[in-house]
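The values are calculated or read from the model by the stated rules, or taken from the named source; none is laboratory data. Nothing here was measured: the structure is a model prediction, and the numbers come from that model. Cβ placement follows ideal geometry from the backbone for every residue including glycine, while neighbour counts extend to all protein chains displayed.
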């Protein structure tokens, strides 16, 4: 591979310099002090996350997990990533017979989890490379969000900070145009639901602890299943919030709704009624209607999770999920649930609802705005395919990510290059100079 960059900047514009900086550094942490939280709540990424959550909530209200909804080929390929991750869990599950007095089972578990994490890094990028268009310029950024979604191999825990990275991954898929408006429901009820179940298995297999934060109102590994679970139930729900702990309701509907699946899982894993094993959730479910439950959970998530330094300090930002401040003040969009959504418009009166052909029921607007690069050839990933006449002496090649700032204490900061095996502790400073 040539030592030269794929382009020559003779008159650098602000956009080119900005894109070049992203190319050099890749996704990086931005929240390093409490003062940075003010920048976070004014950032493009913060507003995109809230818009994505709200618009997805509107789209999935009244929808069941077992209901038919569009699943595109692109969505199916993304779901296959989790098939492989589950196989890796089985392959690297710790064995009790490997422990002894010199090596307690807790250490066997931690060693197995770190091995799984190294294998996961390689698997994630390999499968993303297969699942996403070969000319996608965002594969490195998306891959780094995804591989930070499965816990911390240093502290051996998992929490909402990791869940936020998966939210960045989902949001980034729509921002990049990889997923489209018709994928909105499947992204939450299929892809995100697969992620939750893989995490449950990962937590139980390797004994991960909860990454606790005193500001969290719900003491659990994640928060979004509660929020989107309440959104599902906010329209045409066959039971009230206070009824969802009843055995008959759980047996009948736990396959249909995320909220009931969570409650069933909590009661089985923590061995007790909800009032004893999840007091905060039990208190929230005393609210009379599901839209009110959703509003309470949404407020808690924004005020106590997204505004927590402990959560956001772990986040990384780049092009799709930008830490740059919005140019103008933008009102935060909050979902108004409990009303029917047809063709992107809310209608409270059922008499106003006109029958729609089945193929038009899912044609809503995308849950988050599409990202458009001003300099598409000078930022992360690969060059887009173009028809060009290339001279024989041209040294132009595909644009690679050249350097990644590596934190030696953070295995998640390693870089991926196509056609190169990802190893556990690579410290890459210049791929262009490799072999020299």
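Here are some notes:
- Pairs where the first residue, in the range 108-123, is more than 11 Å from residue 85 (Cβ to Cβ) and the second is surrounded by fewer than 19 Cβ atoms within 10 Å (Cβ to Cβ) and modelled with pLDDT of 90 or more, C-beta under 6 Å, 6+ apart: 109/207; 110/156
- Residue 160 fulfils the conditions (1) closer than 26 Å to residue 232 by Cβ; (2) surrounded by fewer than 24 Cβ atoms within 10 Å (Cβ to Cβ); (3) in contact with a helix residue (DSSP H, G or I) (Cβ under 7 Å, 6 or more places away or on another chain) except for a single criterion, (2).
- Among the residues making up the range 179-234, those that are under 25 Å from residue 369 (Cβ atoms) and either in a loop (DSSP other than H, G, I, E, B) or touching a strand residue (DSSP E or B) at 6+ places or on another chain (Cβ under 9 Å) (or both) are 179, 180, 223, 234.
- Residue 6 being on the phi > 0 side of the Ramachandran plot and either in a loop (DSSP other than H, G, I, E, B) or modelled with pLDDT under 95 (or both): no
- Boolean, residue 224 is on the phi < 0 side of the Ramachandran plot and surrounded by 21 or more Cβ atoms within 10 Å (Cβ to Cβ): yes
- Residue match in the range 110-133 (condition: outside any helix (DSSP H, G or I), at pLDDT below 95, closer than 17 Å to residue 205 by Cβ and over 18 Å from the mean Cα position of the chain (by Cα)): no
- Selection count, the range 63-75, where residues are assigned to a helix (DSSP H, G or I) and touching a helix residue (DSSP H, G or I) at 6+ places or on another chain (Cβ under 9 Å): 2
- When 323, 364 are checked against the criterion of being modelled with pLDDT under 90, assigned to a loop (DSSP other than H, G, I, E, B), in contact with a strand residue (DSSP E or B) (Cβ under 9 Å, 6 or more places away or on another chain) and surrounded by 16 or more Cβ atoms within 10 Å (Cβ to Cβ), a single residue qualifies: 364.
- Residue list for the range 92-107, restricted to those being in a helix (DSSP H, G or I), in contact with a helix residue (DSSP H, G or I) (Cβ under 8 Å, 6 or more places away or on another chain) and touching a residue at least 24 places away in the same chain (Cβ under 8 Å): 92
- Among (1) under 28 Å from residue 91 (Cβ atoms); (2) surrounded by fewer than 24 Cβ atoms within 10 Å (Cβ to Cβ); (3) at pLDDT 95 or above - the single one residue 145 does not satisfy: (2)
- Hey, residue 159 modelled with pLDDT of 95 or more and under 27 Å from residue 291 (Cα atoms) or not: no
- If the condition is being free of Cβ contacts under 8 Å to residues at least 60 places away in the same chain, at negative phi and in a loop (DSSP other than H, G, I, E, B), then the range 238-271 contributes 238, 239, 240, 244, 245, 246, 254.
- Matching entry among 128, 87 (being closer than 17 Å to residue 195 by Cβ, out of contact with any strand residue (DSSP E or B) (no Cβ under 6 Å at 6 or more places or on another chain) and surrounded by fewer than 14 Cβ atoms within 10 Å (Cβ to Cβ)): 87
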